[in-house]
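The values are calculated or read from the model by the stated rules, or taken from the named source; none is laboratory data. Everything quoted here is computed from the prediction, not taken from an experiment. Note that we place each Cβ from the backbone using ideal geometry, even for glycine, and neighbour counts take in every protein chain shown.
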Amino acid sequence: MASRRHVIADDLRAQISTGRIKAGERLPSETQLAARYTVSTPTLRSALALLQAEGLVEKVHGKGNFVRRPVQRITYRGGSPTPPTPALQSSIRVTRIRARGHLCTLLRVPVGTPLTEFHCLSHDGTSPYGLARVYIPRDLAPAVTPDESPWPAKEATPLAEIEETLCARLPTALEAATLRISPTLAVLAITRVATDTAGRVVEAAVLAIPGDRAEAIFTTHHTADDRRTEG
């Protein structure tokens, strides 16, 4: 027998799919919905969490729960990020920091090295799409305007290697709050480290894209020599 939270989620899901509750529409308050379904508020929130994890409902702090509009999918192509679609904008916050903890390992620099952090949030109107935190040694950091993306970095020297690590994981509390997603919705996490011909790390980027709106594509090109070797 289905639990109450699943019964509630099924009913709301059906109303959304049939258009009885339309995209962008605000749901009744959690108190009103709990009374309607004769359940406790925690049970009601558990049902809404299922819909939030599916990407059907978005909770906006201080405003309530809204039916999400169909979202665009962000395509990440290995080694060459696809430019944002025209509908997406980026908000950039620039901060001067000192290397600490994992940043020292990521950029291979001593503790206290001056860095510039670019906190980039892509969004469609008020809906966040993806979060990127880009770290560049301060002497290499480009000057950018608020509407200009610093990534990929404007390298002062030619790049020799770009290493990317991808994994699916649950978001951190900060990522979930910034992207306004359920803490149970996995994100595509990408760590990108670029080094120059001298072996210096010139940029490290940490990206988090909600799994319901992200895909990664990698293409391998085979040469005639490769085919002869395989044969």
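Can you tell me which residue in the stretch 8-33 is nearest to the chain's Cα centre (by Cα), limited to those that are of a type in the set (Val, Ile, Thr) and surrounded by fewer than 17 Cβ atoms within 10 Å (Cβ to Cβ)? Among them, the one singled out is Thr18. In the stretch 155-168, is there at least one residue being under 30 Å from Lys63 (Cα atoms) and at pLDDT 80 or above? Looking through the stretch 155-168, at least one residue is under 30 Å from Lys63 (Cα atoms) and at pLDDT 80 or above. Just one residue in the set Arg36, Arg45 is surrounded by fewer than 18 Cβ atoms within 10 Å (Cβ to Cβ), modelled with pLDDT of 85 or more and more than 27 Å from the chain's Cα centre (by Cα); that residue is Arg36. The residue pairs whose first member lies in the stretch 60-71 and is modelled with pLDDT of 80 or more and surrounded by 13 or more Cβ atoms within 10 Å (Cβ to Cβ), whose second member is of a type in the set (Lys, Arg) and not in a strand (DSSP E or B), and whose beta carbons are closer than 8 Å, counting only pairs six or more residues apart or on different chains, are Val67/Lys22.
Would you check which residues across the stretch 19-54 are under 24 Å from Arg213 (Cβ atoms) and either in contact with a Lys or Arg (Cβ under 6 Å, 6 or more places away or on another chain) or in a helix (DSSP H, G or I) (or both) and list them? Give the derivation first.
As a first pass, look at the stretch 19-54 and keep what is under 24 Å from Arg213 (Cβ atoms): 19, 21-27, 45-54.
Passing the criteria: Ala23, Gly24, Arg45, Ser46, Ala47, Leu48, Ala49, Leu50, Leu51, Gln52, Ala53.
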